[in-house]
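In what follows, a single structure is set out as structure tokens and then discussed.
The values are calculated or read from the model by the stated rules, or taken from the named source; none is laboratory data. Bear in mind the structure is a predicted one, so any value in this text is a computation, not a measurement. In this analysis, Cβ positions are derived from the backbone assuming ideal geometry, glycine residues included, and neighbour counts consider all displayed protein chains. Heavy atoms of the whole protein, side chains included, go into the accessibility calculation; ligands, DNA and RNA do not. Shrake-Rupley method; radii C 1.70, N 1.55, O 1.52, S 1.80 Å.
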Amino acid sequence: MNATTSSIDKGEVDRFAALADSWWNPDGPFRPLHKLSPVRIGFLRRRLVEHFKLSPDSLKPLTGMSLIDIGCGGGLVSEPMARLGATVTGVDAAAEGIEAAKRHAANVGLAIDYRATTAEEILAEGKRFDIVLALEVIEHVADPAAFVATCASLAKPGGFVAFATLSRTPKSFALGIVAAEYLLRWVPAGTHSWKKFVKPSELAGALRQSGLILDALTGVGYDPVSGDFSEIADPSVNYLLTAHKPV
């Protein structure tokens, strides 16, 4: 296995590269990610504070902590994590997305180390992080199990690892593919392949194989009345999962 390319699906990279100029348009093809941001960042902040026993009242509870945002795209997660105090490295295989992320971070005055590279290449450099995030990424990679193993290896002992993705269920096909891509036109048709969605049980199994311990799992649901996403008990469409690496 080539460690620098094992998780890369070139077709997926090219698809997102073509949309790079739209990352920060809240009404563009990444509108769902903008809408998801409050619930994702809120969940991660709460879990990070609990895991590392940080002050819940601090405006920058992640100060002094290293974080890698894998598949960072235009920086929709990297920037909030930097505002919470973390030293952020954002990596993405699509150079066009990284350039968009750099421009936006410069415009808002945030110092983030954005790199057009892969998680495997960062691992090969010997880098390790307190926090490893892979949000809305695993459903786009070529080898999910290898990708999870890379994420686990990037975490320091005692480190925190988080995934966000879609479960492979009939409900996710109806809502995540048919509704989101073809009826509501939230994202361009073909953005996702339902066959590449990962069930929570499958992801949990990959975590165990990689030496990670599952900590929390929550579903994410959409309210068509308010237009907002929120945490729900049902993980059959979207879900967030966090784990840690034993010391």
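Observations
- Put simply, the amide H of residue 129, placed in the peptide plane, has neighbours under 5 Å in 155, 156, leaving out anything fewer than 5 places away on its chain.
- Cross-link partners of residue 195 among lysines, defined as those whose alpha carbon lies under 29 angstrom from its own and excluding same-chain residues fewer than eight positions apart: 10, 35, 171, 245.
- The chain - share of DSSP beta bridges that are antiparallel (%, nearest 5): 50 percent
- Its DSSP H runs of at least 4 residues, each contributing -39,500 (n - 2.57), put the calculated 222 nm mean residue ellipticity of the chain at -9500 deg cm²/dmol, to the nearest 500.
- Along its three principal directions, the equivalent ellipsoid of the stretch 27-171 from the Cα gyration tensor extends over semi-axes of 20, 19, 18 Å, largest first.
- Surface composition of the chain: carbon and sulfur atoms hold 57% of the protein heavy-atom accessible area at a 1.4 Å probe.
- Gyration tensor (alpha-carbon) shape descriptor, the stretch 189-228, a/c threshold 1.5: oblate
- Gaussian network model of the chain, Cα within-10 Å springs - most flexible of 158, 73, 90: 158
- Of the trypsin sites (Lys or Arg not before Pro) found in the stretch 145-247, those that fall in a DSSP loop while having at most 13 other beta-carbon atoms within 10 Å are 185.
- Cα gyration tensor category, rounded, prolate or oblate, for the stretch 26-96 with a/c compared to 1.5: oblate
- Antiparallel beta bridges, as assigned by DSSP with both residues in the stretch 127-247, represent about 75 percent of the total such bridges.
- Length-normalised contact order for the stretch 39-97 - Cα pairs under 8 Å, 6+ apart - percent: 32 percent
- Two-site label geometry, residue 57 and residue 213: point separation in nm, points 7 Å out along Cα→Cβ: 3.0 nm
- Under 14 Å from the Cα of residue 53 - aspartates and glutamates, other chains or at least 8 residues apart: 130
- Of the beta bridges in the stretch 1-141, as assigned by DSSP with both residues counted there, near 0 percent are antiparallel.
- Of 49, 237, 13, the one that fluctuates the most in a GNM where the chain has Cα springs shorter than 10 Å: 49
- For the stretch 69-162: relative contact order, % (alpha-carbon pairs under 8 angstrom, 6 or more apart): 28 percent
- Distances between placed amide hydrogens fall under 5 Å for residue 232 paired with 219, 220, 221, all partners being 5 or more residues away or on another chain.
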